[in-house]
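The structure appears below as structure tokens.
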Amino acid sequence: MARSHVTTTLNGVETEYLCEPRQSLLEVLRDELGLTGTKEGCSNGNCGACAVLLDGRVVNSCCVLGVEAEGAEVTTIEGIGNADKLHPLQRAFLEEAALQCGVCTPGFIVSAKALLDAEPDADEHRVRWWLAGNLCRCTGYDKIVRAVLKASAQMQEA
Amino acid sequence: MTTIDRPTYRIVGTRPIRPDGVEKVTGKAQYGADVRLPNLIQGRILRSPHAHARILSIDTSEAEKTPGVFAVLTHKDFPVAEDKIEELGESAVNLKELSDNILASDKVLYKGHAVAAVAAINGHVAEEALKKIRVEYEVLPPVLDVRDAMREDAPLLSETRFTKSMSGQASDKPSNIAAITRFQGGNVEEAFAAADHIVEREFTTKMVHQGYIEPQNSTASWNSDGTLTIWTSTQGAFVVRAQVAEVLRLPVSKIRVIPMEIGGGFGGKIPIYLDPVATLLSKKAGRPVKLVMNRTEVFMATGPTSGSSIKLKMAEKDGIITAVQAEMAYEAGAYPGSPVGAGAMTMLSPYNIENFVIDAYDVVVNKPKVSAYRAPGAPVSAFATETAIDELAKAAGMDPLEFRLKNSAHEGTRMVTGVPFPRIGHEECVRAALESPHYQSPIEGPNRGRGVASGFWFNAGLQSSVSVAVNVDGTVNLIEGSTDIGGTRASLAMQLAETLGIPYDDVKPIVADTDSVGHNDVTGGSRTTFASGLAVVEAAKDIQAQMISRASKLLNAPEGELRYEDGAVVSSDGSKRIPFAEIAAAQGRTGGPIYGNASLMARGVGGAYATHIVDVEVDPDTGKVTVLRYTAVQDVGTAIHPSYVEGQIQGGVAQGIGWALNEEYYYNEDGTLANASFLDYRMPTTLDVPAIDTVLVEVPNPGHPYGVRGVGEVPIVPPLAAVANAVAEATGHRFTDLPISPRRVVEELHGLA
Ligand code: FES
Ligand code: FES
């Protein structure tokens, strides 16, 4: 199948790739670009494991086509922080034990980052409302919600 | 948190950051689907469109000719599997049935049953090729419900299956009832005749799925030297190796299973589905092959847990539960092996009940073969008993927790199997629940109610091996073989650091592949922190002994005058002391590497109890049940890392709430699973559960040096009944069928059913 040429800014770096029109952004990220931090749980928009930021907005990358990233800015979990410079959300997830198996974690962190970027002082209900599109089967959400609230408090102090 | 009678420790009981944490929050951790290899191609599986059919022929010729296709596979490519049972830890499988479930041979037994597979240059090409495979079926009538399947005139899944009982074969005609088991004690007739109150109810529950977010996956490479490498997400790499070896008739030494990070399992990632298919595709294609299920496949074709039908009669006299009679039937799915026995053995375990008869039926139906799901079998049987107990408490005019306390099992009480309990903590849990701020607070407002329930799970011991290598810089590598599904690298590293008296950060745990560490059974049965923990403590003692012998050379003192203490070797008079790091640094000139091992079959398993309290509000117009407040009390033995213990409890509670209120396998008459997606199979979201409070009661398990009890499974046992009891309080109506979904609530409250 003919492939389209796409230019995008991926985690701050201008990136070019070729993809088939039928490939989702998730597939492109994982299979073509080797960014496997973004996870696939359902491939139809119901679990949030594949969440990335597209021009600052949270999207389920399984429901976006690879060609739609043309000219856009894409941020994945790999672009949010690294071992030397963890994002406050990442640190809070570690300190609050907000992950068990961890497969939902990239999606939650990406999604929560979008929330805190827009609403730094989101309260518990707001956090729960915002994260309702991300499924976690291990934690019962309690520690995830606490971690997001903790990160929000720390980010506001800083 | 309530702590009973346990010593305090330096590291055990603290909350350090897990060693694998940074990798997991930055997206670096490699899960099964993340495997990337040179020349890797993708596999896809063709699945049956019928719930019950005979396969007459399969024509793969067109698929094979498709450009980009490297290999096509059917059951004919499998060696003939033996009709024998293999123990998997917490569950057992018949190898012929396991093989037939991986790729159907003569019959398909559920819609979604795998029939053929293709490996191609990419997944899209493989999917196109699947459409070109022609399968001719003779469609047979399916049987979907456990009670229907038990009828004499039901369609048979197998013409050669006869009912087994403890005394041998129990039917002279083929049957869908694979097995009947009876547990019996005392004299129920007399007890029922003398009772003050009797409750008699029938309960039903539907199949539900473990719902792990990561779908099953397997990548296999058939190597040119005839060896095989498998990368997969599994609860037990050694158990994958054993199953693949049996199904494909390969020596285990030729198979190396590399466990990748795992995205949840809850029992569902013990049986194999994809590994032999990926293996044979790779062998045919001459390239490594990756198979990853999509979500629909996960729902249709991987083990959910049983739907059930339970008839229960229970009697009370003077506040004492005097008799129980139960007849319980669990759906096994396509092949025998439901957890009905475990359901029967756990349902009365929180209590001391003299007279009982329990008949347990294992029944096959045209739905996917069930696999273990967190305390397999116990939640639905507890749903029945804990509902009846609630009603009896009311009839006896007693508080439901006081009633449970009065009837509680304790050390010496016999289980239904006749085995007496060691030290257990049910009474402590009920007392802690009674004293909890939650239970002490009033519940007010219309349509609101509070429910309680208790639960029990055995926990498992099984086999573990670990090695500990001491590095010259004083750090240690902990080489283990237990899948880390929720923080066990941390809980094992903590036990090692505690026993060696070294900093937690100096321990580097590694989950090794099957070529690199001794045998380890699955991460299941809530056993890892307990059993692999026992092995860690043993290996640490091995290291201590070696340290003493090295120190004797360094200190010029006889070994008999030295002892290991707080991360150092000291002389008995205290005059000489040499720390761990110094002995480690000198290992090269005192006798070579210091390397400790332990391999064991864990004994001394401590059973786990939990008592839960929940407040709900029911909207009588929409039927929606809102969970307002939840408190879970649990005897955790000793919490090595309390945060991860709490996490296990909270996760189990959320799954239990989903089971009680929303989750169910919804089948059409033709055997189509109508809700095989996360949209329609409604698992709880952040908005469906409240904050979940935990109370950790610590009644140390005498069978473990730090008192560890397994904690992962029991928290899913009480919620079904606790929620149902709360709904009964809120509405004045007893719901005996799960899930208590909005539709059911409206129908039953308004008499529309
Ligand atoms: S994989 Fe995209 S929402 Fe589930
Ligand atoms: S931590 Fe396992 S799904 Fe969220």
Exercise for the section: Run down the lysines and flag those whose C-alpha is under 28 Å from the C-alpha of residue B:576, throwing out any fewer than 8 positions away in its chain. Expected result: B:541, B:553
Fill in the blank from the handout: The relative contact order of the range A:4-79, taking Cα pairs under 8 Å that sit 6 or more residues apart, comes to a percentage of 40 percent
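Probe radius 1.4 Å, ligands and nucleic acids ignored: give me the carbon and sulfur share of the accessible area of the protein assembly as shown as a rounded percent. Before the final figure, lay out the partial values.
On the way: 15500 of 31890 Å².
Roughly 49 percent, rounded to a whole number.
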Fill in the blank from the handout: Taking a crude spin-label model, label points 7 Å out from Cα along the C-beta direction, the residue B:253 to residue B:549 distance in nm is 2.8 nm
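What is the ratio of the Cα radius of gyration of the protein assembly as shown to 2.2 N^0.38 Å, with N the residue count, to two decimals?
The reported ratio for this selection is 0.94.
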Exercise for the section: Identify all lysines with a Cα-Cα distance to residue B:406 below 23 Å; exclude those on the same chain that are fewer than 8 residues away in sequence. Expected result: B:313, B:317, B:394
Problem - Descending principal axes extents, the range A:88-157, alpha-carbon based, whole Å - result: 30, 23, 17
Completion exercise
Contact order relative to length for chain B, counting C-alpha pairs under 8 Å separated by 6 or more residues, stands in percent at 16 percent
Practice task
Please sort by residue number the GluC sites (Glu not before Pro) in the range B:661-695 whose DSSP state is loop and whose Cβ has at most 16 other Cβ atoms within 10 Å.
Solution key: B:669
Handout entry: Solvent-accessible heavy-atom area per residue, rounded to whole Å², over the protein assembly as shown at 1.4 Å
Key = 35 Å²
Completion exercise
Taking r as the C-beta separation of residue B:601 and residue B:410 and R0 as 25 Å, the FRET efficiency to the nearest 0.05 is 0.35
Problem - FRET E, pair residue B:515, residue B:96, Förster distance 25 Å, beta-carbon r, rounded to 0.05 - result: 0.30
Practice task
Mind grabbing the accessible area of residue B:86 for me, 1.4 Å probe, Å², rounded to tens?
Solution key: 30 Å²
Exercise for the section: Please report the buried accessible area for the interface of B with A, total over both chains, probe 1.4 Å, in Å² to the nearest 100. Expected result: 4300 Å²
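Antiparallel DSSP bridges in chain B: what percent, to the nearest 5?
On the way: 102 of 137 bridges.
In chain B, approximately 75 percent of DSSP beta bridges are antiparallel ones.
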Exercise for the section: Report, in whole Å, the centroid distance computed from the Cα atoms of the range B:175-251 and the range B:455-471. Expected result: 20 Å
Handout entry: Under-5 Å amide H pairs with residue B:737, H placed in peptide plane, nonlocal only
Key = B:204
Exercise for the section: May I ask you to derive the FRET efficiency for residue B:675 and residue B:196 from their Cβ-Cβ distance with R0 = 60 Å, giving the value to the nearest 0.05? Expected result: 0.85
Completion exercise
Pseudo-spin-label distance residue A:158 to residue B:556, built 7 Å along Cα→Cβ, given in nm, is 5.6 nm
Exercise for the section: Please list, in chain and number order, the residues 5+ apart from residue B:178 or on another chain whose amide H is under 5 Å from its amide H, with Hs placed from the backbone. Expected result: B:362, B:363, B:364
Practice task
Rounded to whole Hz and in sequence order, give me ³J(HN,Hα) for the range A:83-93 from the Karplus expression 6.51 cos²θ - 1.76 cosθ + 1.60, θ = phi - 60°, writing x for Gly and Pro.
Solution key: 3, 7, 9, 6, 5, x, 5, 5, 5, 5, 4
Exercise for the section: Could you work out, residue by residue across B:680-689, how many beta carbons of other chains sit within 10 Å of that residue's beta carbon, and then give the average as an integer? Expected result: 6
Exercise for the section: Tabulate in residue order the Karplus-calculated ³J(HN,Hα) for the range B:694-699, using 6.51 cos²θ - 1.76 cosθ + 1.60 with θ = phi - 60°, rounded to whole Hz; enter x for Gly and Pro. Expected result: 10, 10, 8, 9, 10, 10
Practice task
May I ask you to list, by number, the DSSP H helices of chain B whose Cα span along the axis is at least 20 Å and whose average Kyte-Doolittle hydropathy reaches 0.0 or more?
Solution key: B:378-395, B:533-555, B:642-661
Problem - Long-range amide H partners of residue B:675 with built H, under 5 Å - result: B:666
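For the range A:4-79, report the % of Cα-Cα distances exceeding 17 Å.
Values: 925 of 2850 pairs.
Of all Cα-Cα distances in the range A:4-79, 32 percent exceed 17 Å.
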Handout entry: Shape metrics for chain B, restricted to C-alpha atoms - Rg then Dmax, Å
Key = 27.0, 87
Practice task
May I ask you to evaluate 6.51 cos²θ - 1.76 cosθ + 1.60, the Karplus curve with θ = phi - 60°, for each residue of the range B:14-21 and list the ³J(HN,Hα) values in order in whole Hz, giving x for glycine and proline?
Solution key: 9, 10, x, 6, 5, x, 9, x
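The values are calculated or read from the model by the stated rules, or taken from the named source; none is laboratory data. Small disclaimer: the values here were computed from a predicted structure and weren't measured. In this analysis, Cβ positions are derived from the backbone assuming ideal geometry, glycine residues included, and neighbour counts consider all displayed protein chains. Accessible surface areas use protein heavy atoms only, side chains included; no ligands, DNA or RNA. Shrake-Rupley method; radii C 1.70, N 1.55, O 1.52, S 1.80 Å.
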